[in-house]
Amino acid sequence: MCGIVGYIGNENGVPIVLDGITRLEYRGYDSAGLCFLKSSKIQIFKKQGKVRDLQSLIKKNIIGNIVMGHTRWATHGKPSDKNAHPHMSMNKKLAIVHNGIIENYDSIKKGLVQRGYIFKSETDTEVLINLIEYIKLDSNLSLVEAVQQTLTQVVGAYSIAVISVDDPEKMVVAKKGSPLVIGVGKSEYFVASDPAPFLKFTKRAIYLDDGEVAE
Ligand code: GLU
């Protein structure tokens with residue numbers, strides 16, 4: 001078990017997401033990370049260890065309106081800074097946080113390597129974000145279409161959140177066999193593994209069903 005927290009709205013999502021992943025610490029984890037969009041770039045902070053270790057990397061004046069955070073329980077690749085989430089796609093335009101396991105990641109990875117993809121981590125998650133990137137570019141799809149298309153090729157259990165520098169006002173989330181709930185606020189949305197991270201902002205929660213994708 002481990003956790004995902006996302007924020008999209010007009011407030012600074014960085015402290016909201018950091019507080020949110022702290023509230024998911026009870027689920028167990030070995031590393032924590034966070035990313036946000038700034039000036040058409042995805043910035044990532046991640047670290048093996050506790051959320052407070054991650055917090056010490058993040059300066060108080062960092063502001064993000066679209067932010068994703070993660071606590072990892074390693075299944076593919078040892079606990080390390082490199083294997084911690086979020087992970088970026090090779091062209092650095094997409095980022096993902098993921099809980100769960102992609103069972104057929106090895107065969108997908110081999111196909112991507114043949115197409116020139118290079119991987120920085122040992123995770124199944126980095127394979128997933130690069131498959132989303134490949135399918136998005138190859139078929140000229142929107143982010144949500146690319147995620148939907150990719151998930152038809154994936155075997156496993158997952159909850160994911162994905163952002164793209166080309167779609168700076170959107171977050172795409174999906175789930176199958178791993179929990180994910182959307183919090184609907186006033187002009188802002190939250191996403192989390194359970195509602196605790198956003199309950200002080202909104203009580204309106206939408207629980208995704210297995211196989212559902214939301215934008
Ligand atoms: N399988 C992924 C990894 O090992 C996600 C693990 C998790 O659920 O945190 O990085």
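The values are calculated or read from the model by the stated rules, or taken from the named source; none is laboratory data. None of these values were measured; they are calculated from a predicted model. Note that each Cβ is placed from the backbone with ideal geometry, even for glycine, and that neighbours are counted across all protein chains shown. Note: accessible area is taken over every heavy atom of the protein model, side chains too, but ligands, DNA and RNA are not part of it. Shrake-Rupley method; radii C 1.70, N 1.55, O 1.52, S 1.80 Å.
Computed quantities for the displayed model
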read-out: Residues of the range 99-140 satisfying the condition of being under 17 Å from Ala174 (Cα atoms) and among the hydrophobic types (A, V, I, L, M, F, W, C); value: Ile101, Ile102, Val127, Leu128, Ile129, Leu131, Ile132, Ile135
read-out: Residues that are closer than 15 Å to Ile66 by Cβ and surrounded by fewer than 16 Cβ atoms within 10 Å (Cβ to Cβ), drawn from the range 12-42; value: Lys38, Ser39, Ser40, Lys41
read-out: Residues that are buried (at least 20 other Cβ atoms within 10 Å of the Cβ) and within 15 Å of Cys2 (Cβ to Cβ), drawn from the range 182-200; value: Val191, Ala192, Ser193, Pro197
read-out: Residues that are outside any strand (DSSP E or B), within 15 Å of Gly100 (Cβ to Cβ) and touching a residue at least 24 places away in the same chain (Cβ under 8 Å), drawn from the range 133-158; value: Val147, Leu151, Val154, Val155
read-out: Arg52 over 18 Å from the mean Cα position of the chain (by Cα) and either closer than 15 Å to Asp19 by Cα or surrounded by 19 or more Cβ atoms within 10 Å (Cβ to Cβ) (or both); value: yes
read-out: Checking Gly77 against (1) more than 13 Å from the ligand (Cβ to nearest atom); (2) farther than 20 Å from Leu180 by Cα; (3) not aromatic (Phe, Trp, Tyr), the condition it does not meet; value: (1)
read-out: Qualifying position, being touching a residue at least 24 places away in the same chain (Cβ under 8 Å), farther than 23 Å from Leu131 by Cα and not aromatic (Phe, Trp, Tyr), among Ile4, Ile58; value: Ile58
read-out: Tabulated pairs, the range 96-116, first modelled with pLDDT of 95 or more, second of a type in the set (Asp, Glu), C-beta under 6 angstrom, 6+ apart or interchain; value: Ile102/Asp124; Tyr105/Asp124
read-out: Residues of the range 170-193 classified as within 15 Å of the chain's Cα centre (by Cα) and either over 24 Å from Ile42 (Cα atoms) or not in a strand (DSSP E or B) (or both), total; value: 7
read-out: Count of residues meeting criterion [in a loop (DSSP other than H, G, I, E, B), open to solvent by less than 50 Å² (accessible area, probe 1.4 Å) and within 12 Å of the ligand (Cβ to nearest atom)] in the range 80-99; value: 5
read-out: The range 104-132, residues that are within 18 Å of the chain's Cα centre (by Cα) and not in a helix (DSSP H, G or I); value: Phe119, Lys120, Ser121, Glu122, Thr123
read-out: Selection status of Thr71, open to solvent by 50 Å² or more (accessible area, probe 1.4 Å), in contact with a helix residue (DSSP H, G or I) (Cβ under 9 Å, 6 or more places away or on another chain) and not charged (D, E, K, R); value: no
